[in-house]
Structure formats: C-alpha cells, structure tokens
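The values are calculated or read from the model by the stated rules, or taken from the named source; none is laboratory data. Keep in mind that what you see is a predicted model, and the values were worked out from it rather than measured. FYI the Cβ positions are ideal-geometry reconstructions off the backbone, even for glycines, and counts take in every protein chain you see.
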Amino acid sequence: MKAVFTRPRSLTDGATHYCPGCIHGVAHRMVAQILDEMDLADRTIGVSPVGCAVFAYDYFQCDFQQAAHGRAPAVATGIKRAVPDSFVFTYQGDGDLASIGTAEIVHAASRGEKISVVFINNAIYGMTGGQMAPTTLEGQKTTTSPAGRDLADTGNPIRMTEMLATLPGAAYLARGSCHDIKHLRATQKYLKRAFEVQERGEGFSMVEILANCPTNWGMSPVESLQWMEENLVPYYPLGEFRSPEEVE
Amino acid sequence: MSERQLQMVKGNEAVAEAAVRAGCRHFFGYPITPQNELPEYMSGRMPEVGGTFLQAESEVAAINMVYGAAGAGVRVMTSSSSPGISLKQEGISYIAGAELPCVIVNMVRGGPGLGSIQPAQSDYFQSTKGGGHGDYRMVVLGPATLQEMVDLTYEAFDIADRYRNPVMILGDGVIGQMMEPVRFPDLMDPDTLPTKEWATKGRRDREELNLINSLYLDPDACWAHNQHLARKYAEMQENEVRYEVVHGDAEYFLVAYGTTARIARRSMTDLRERGYDVGLVRPISLWPFPEKAFRDLADRARGYLAVEMSLGQMVEDVRLSVDSSVPVAFYGTAGGVMPHHADITQQMEDLIRGTGDDR
Ligand SMILES: Cc1ncc(C[n+]2csc(CCOP(=O)(O)OP(=O)(O)O)c2C)c(N)n1
Ligand code: SF4
C-alpha cells in the first residue's frame with residue numbers, strides 16, 4: 001500500500017465521527033503525515049474550529065485547544081506568542097474561516113503571524129445541517145438557498161486564498177483539492193511547504209483544501225468527488241498563490 | 001528599595017505596571033476611551049521586560065488571543081471599556097468554560113450603546129451575573145483607590161491561577177484617569193511561578209496530551225462539568241469575599257463601591273458631623289458579593305442607602321443580603337454623570353427621617 005494510506009503516528013487509533021466518504025478524515029491524515037515527516041507533533045498545538053472538525057482534538061496525537069466559532073487564528077496567535085518555539089496550526093471550515101471568522105483570518109495573515117492554517121472548503125455548513133456558506137457556488141442548493149444560490153441576492157462566492165494573497169504578511173498560500181489521488185499528493189506537498197514556512201519563521205501560511213460534504217450535498221461519496229471536479233475546481237483555481245521565493 | 005517608593009501615577013498605568021509586577025508578560029487589547037493609557041503603557045513596557053504587547057484587530061480577537069495564551073500557560077491580561085467588554089463576552093464564557101486563568105480590566109463608561117466616555121458603574125450586572133452565555137462566574141474586584149487597584153491587580157493573577165478562572169478588575173473612567181501616589185510590589189520573575197501542568201505548550205516529554213476545551217456534547221458530561229464549576233465557584237464564595245466596613249457600630253449605612261465609595265465616604269463624614277449615626281459598607285469583591293458584611297450588621301442596621309453610578313444594579317444584591325424588614329434605598333446617576341456628595345447626604349437624611357428618626 002502507498003504511504004498515503006498508512007496511519008500516521010500523529011493520529012490516534014480508532015474511528016472518527018465523520019460521515020462515510022467525508023474528506024475531513026483524509027485531510028486529518030495528510031496533516032498528521034506531515035507532522036510525522038517533520039517530527040513536529042511533540043512541539044505542536046492544534047486549534048480546532050466550530051464545525052464538523054470541532055473534535056479534531058480527539059484525532060491528533062498532539063496538544064490541542066478548541067476555539068470559538070471563527071476565532072481559531074486569534075487563539076493560535078495567543079498560543080504562538082506565548083510559546084514561540086512551538087508549531088501551531090488551525091484547522092477550519094469555510095463557515096468558520098470565510099464567514100464569522102473573516103476578521104481573524106485576515107489580520108492573522110496581515111500580521112504575518114507564524115501559524116499555519118488548514119482551510120477546508122466544502123462550500124457548505126456541514127455541522128449545522130447544510131446551510132449556505134460564503135463559498136457556496138452559484139445555483140447550489142442548500143437548506144437556506146433551497147432554490148439554489150442567487151448571486152444577485154447573496155453576492156459571489158468568496159475566494160479566500162486570492163483575497164489573502166494581497167497581504168504581504170501571508171508568506172505561503174496554496175489551494176489544493178482532494179477529489180483524486182493526483183491532487184491529493186499536490187495538496188500534501190502544499191501542506192509541507194506551509195508547515196516549513198512556519199518552522200523557518202517566514203510568516204503566515206495557509207493551505208485551502210477543496211473538500212466535499214456528501215451528506216449535505218445529498219450525494220454519494222463518489223458523486224461528490226465528481227461534483228467537486230466539475231464545479232468546485234473550475235471556480236476555485238488550484239495551485240500556489242504565494243510562496244517565500246515569490247515574495248523575495 | 002527604590003522600587004518600593006511612592007510614585008505618582010495615572011490609574012490606567014498603575015494597573016498595567018501592577019500586572020507586569022505580577023509576572024504578566026502578555027497583553028492583548030484594542031483601543032477604547034477611557035482606558036487607552038493602559039495598552040499604551042503596555043506597548044512600551046512589555047518590550048522592556050521581554051513580554052508581548054499586541055494590538056488586536058478587535059476586542060473579539062483580543063479576548064481569543066487571551067484564551068490561546070492563557071491555555072498555553074502564561075499570565076495574560078486584556079483591558080477595555082464597556083462596549084469593548086460587551087464584545088468580549090463570548091470569549092469570557094469560553095475562558096470560564098475551559099477554565100483558563102486571566103485578568104480582564106473594565107474601565108466602565110456610560111451606556112447603553114455607545115453611551116458616553118465618562119465614568120459609570122452600569123456594567124455591574126454584566127460583570128457579576130455573567131454577561132456571556134452559560135452558568136459561569138468570575139471574581140470581580142472593584143478598587144476605590146489606585147493603591148488598592150495596584151494591590152488587587154497583583155493579587156488577581158494569583159486568584160486566577162488558583163481557581164483557573166478569569167478575574168475582572170472593575171474600574172471606571174475616574175479611577176482610570178486619576179493620579180495618586182502608589183507603591184508597587186516587587187517585579188516578579190514569571191519563571192519562578194509554579195508550572196501549569198495542564199497547559200498546552202506542546203507535548204514535549206509529557207506522558208499525556210493536554211487539551212483546552214469547553215465542549216461536552218454529552219449532556220451528562222456537561223452537567224458533571226457544570227457541577228465541577230459550581231464547586232469551584234462555591235470555594236470562591238468561601239474564600240474570596242472582600243469588603244470594608246467603616247463605623248460598623250452605626251445604625252444607618254451607605255453602600256457603595258469604587259469611585260462612588262469615595263464620594264459616599266465624604267457624605268458619611270458630613271452626616272456624622274451633623275449628628276447622624278452613619279457608616280459605610282464598601283464591597284470590594286463584587287462577585288462574590290460580601291453578604292457577610294450585611295449579616296454581621298443585621299442586629300443593628302436600621303437602613304441602607306445604596307449609591308451607584310447606574311440606575312440601580314448592586315442595590316439588588318444589597319436587598320438580597322438584608323432582611324426584607326430593613327429599608328434599602330437607592331440613589332444613582334447614570335450615563336457618565338457622577339453623584340454629588342450633597343445629594344447623597346440629602347438622600348440619607350430623607351431615609352433616616354422616613355424611618356422615624358426625628359432629629
Ligand atoms: C457563535 C456561533 N454561531 C453559530 C454556531 C453554529 N455553528 C456551528 S458549526 C457552524 C458552521 C460550520 O460550518 P463550516 O465552518 O463550513 O464547517 P463544516 O461543518 O462544514 O466542516 C455553525 C454556524 C456556533 N457554534 N457559534
Ligand atoms: S456533515 Fe459533511 S462535512 Fe460534516 S462530517 Fe458529514 S460529510 Fe463531512
């Protein structure tokens with residue numbers, strides 16, 4: 001089996017609470033694998049959001065803090081300032097990061113806060129039962145946009161990574177996807193670069209990961225991956241948006 | 001030692017320096033009048049002692065930075081004034097729920113809404129009854145002099161650490177802005193403080209993983225957590241009551257805290273000079289409220305006059321602390337207007353006359 005599918009040391013044993021086929025579990029594994037590779041876990045404090053990943057603290061073999069909805073970057077700032085030699089990452093959904101927590105993410109990035117953000121964009125509010133998110137696509141049906149998202153009424157889906165790329169403090173920004181193995185590997189590479197940027201003290205880093213929510217999208221896991229490829233990826237371009245080399 | 005000499009300082013700077021002396025090396029805040037001198041002082045002082053001063057993007061962010069830093073085991077403080085403290089309420093609830101020690105300063109100004117920038121005491125309910133959601137309590141201390149504010153701030157960090165709970169210093173625009181001579185305690189080296197075994201600093205060589213959290217999805221587990229908190233709050237009620245009674249042998253008592261207590265004291269002196277048997281009860285801990293002060297006066301007190309810079313908030317706790325047969329009158333000014341001692345004197349005279357004393 002490929003290394004991608006073995007259980008990293010930085011993950012706890014046992015099942016997660018995520019729905020079958022949900023990418024949260026895959027993303028956890030990718031993060032844990034980089035923590036393993038870089039031997040970071042014993043110096044790491046993770047910050048879990050309010051959203052489906054609230055229980056991330058149960059799954060990672062490292063210290064954790066659970067933050068209020070959207071406030072993870074502020075909490076991470078407090079931690080990193082208190083323990084500068086630690087490795088601090090937040091793990092946030094798109095409701096958490098791109099709606100209620102926009103001020104915190106923008107200013108953490110703007111300050112060049114030496115933290116890493118794992119941003120799971122599944123274009124919907126998973127935990128609360130499938131309401132519209134700021135990242136929900138045009139025409140996408142959710143429980144609060146039952147006729148499909150109407151841009152004239154609700155504005156356009158926010159591209160957070162591009163928005164943060166206007167800030168000099170954001171040293172590393174990338175967007176990956178998990179709809180197939182190839183993109184999963186690229187995302188893993190982005191995560192590693194992001195974590196290295198923090199370790200080198202170069203500033204703020206974030207990897208946006210396009211993800212699914214088969215449960216609230218009303219699709220099978222396989223259908224959801226296909227929907228990602230056909231709809232999410234075209235609207236949310238993949239790749240690196242900022243890296244220290246580019247900044248120099 | 002020169003460090004222990006009397007120094008003339010401004011209230012807001014006095015709290016800041018007291019925090020530094022107590023080993024606080026992390027401060028997160030957002031500008032708001034009338035407490036701006038506090039973060040301004042910290043911005044210069046923290047670098048001198050190897051600490052962190054950070055101006056957050058909002059009070060919401062500031063209190064969550066406090067959460068993160070407190071969870072990582074350092075002594076940490078934030079300060080604000082009424083509208084900003086309102087924004088911090090969610091964070092304070094999380095801090096109390098996750099049992100994190102920190103010190104929060106509120107230099108209260110007139111409300112509601114944007115209100116005024118003048119002194120007020122109208123955040124009493126918010127601070128003592130839990131302005132955020134859920135059943136939580138925090139120790140709230142209301143100093144009346146700068147020396148007392150320095151001493152209470154220094155102590156507040158110990159109280160916070162002892163109970164793993166937020167502690168609030170409740171001042172007002174006057175106490176933040178006034179100047180008085182104070183003596184600061186010696187500078188504490190935070191490295192000499194006991195280590196917080198529960199803190200999340202990264203696992204290092206610890207056996208267990210640490211978690212800072214207020215989520216208990218299972219209602220039974222959340223109930224157990226609440227019961228644990230309730231036991232802790234009962235301990236605070238047992239140990240953290242602070243108050244001053246002046247002329248405890250009097251028949252009538254003014255009740256006031258903070259700046260208002262200074263004015264009430266002047267009225268008390270005037271009234272006594274005119275032959276009225278008046279004393280003063282000055283709550284210092286506003287939560288836990290000093291019910292004991294009133295219990296101890298139960299067999300002599302014939303009436304109380306609570307005075308506040310509010311429409312009447314603390315007076316409710318006074319009424320809960322005395323027998324219903326004893327009159328508790330109220331006099332207050334709100335919105336940034338301070339009560340005048342002559343008006344307080346008049347109100348007390350009316351109370352005494354009204355209860356049948358003809359003098
Ligand atoms: C202050 C506050 N507002 C609202 C909520 C309710 N809430 C919980 S999770 C959530 C949205 C989570 O969506 P997202 O961040 O996209 O994460 P996902 O569940 O999709 O992973 C909301 C609105 C809350 N817990 N706190
Ligand atoms: S609700 Fe959606 S995001 Fe949440 S665990 Fe289920 S599939 Fe994943």
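Whether any residue in the stretch A:152-166 is within 30 Å of B:Leu217 (Cα to Cα), more than 16 Å from ligand 1 (Cβ to nearest atom) and modelled with pLDDT of 95 or more is what I want to check. Within the stretch A:152-166, not a single residue is within 30 Å of B:Leu217 (Cα to Cα), more than 16 Å from ligand 1 (Cβ to nearest atom) and modelled with pLDDT of 95 or more. The set of residues from the stretch A:103-128 being farther than 17 Å from A:Ser48 by Cβ, away from ligand 2 (no atom under 16 Å from the Cβ) and outside any helix (DSSP H, G or I) comprises A:Gly112, A:Glu113, A:Lys114. Kindly evaluate A:Asn212 against the criterion of being in a loop (DSSP other than H, G, I, E, B), surrounded by 19 or more Cβ atoms within 10 Å (Cβ to Cβ) and either in contact (Cβ under 8 Å) with a residue 12 or more places away in the chain or within 13 Å of ligand 1 (Cβ to nearest atom) (or both). Answer is yes for this residue.
Among the residues of the stretch A:134-148, is any surrounded by fewer than 24 Cβ atoms within 10 Å (Cβ to Cβ), more than 14 Å from chain B (Cβ to nearest Cβ) and in a helix (DSSP H, G or I)? There is no residue in the stretch A:134-148 that is surrounded by fewer than 24 Cβ atoms within 10 Å (Cβ to Cβ), more than 14 Å from chain B (Cβ to nearest Cβ) and in a helix (DSSP H, G or I). Of all residues in the stretch A:45-55, those satisfying the criterion of being more than 10 Å from ligand 1 (Cβ to nearest atom), surrounded by 24 or more Cβ atoms within 10 Å (Cβ to Cβ) and farther than 12 Å from B:Ser214 by Cβ are A:Ile45, A:Gly46, A:Val47. Taken over the stretch A:1-44, the residue count meeting the criterion of being of a type in the set (Phe, Trp, Tyr) and within 13 Å of ligand 1 (Cβ to nearest atom) is 1.
The number of residues in the stretch B:182-223 that are more than 10 Å from chain A (Cβ to nearest Cβ) and surrounded by 12 or more Cβ atoms within 10 Å (Cβ to Cβ) comes to 12. The criterion of at least 2 residues that are β-branched (Val, Ile, Thr) and surrounded by 21 or more Cβ atoms within 10 Å (Cβ to Cβ) is met by the following helices (runs of 4 or more DSSP H) wholly inside the stretch B:253-359: B:258-273, B:314-321, B:341-354. For the stretch B:44-55, a tally of residues being facing chain A (nearest Cβ under 7 Å) and among the small types (Gly, Ala, Ser) returns 0.
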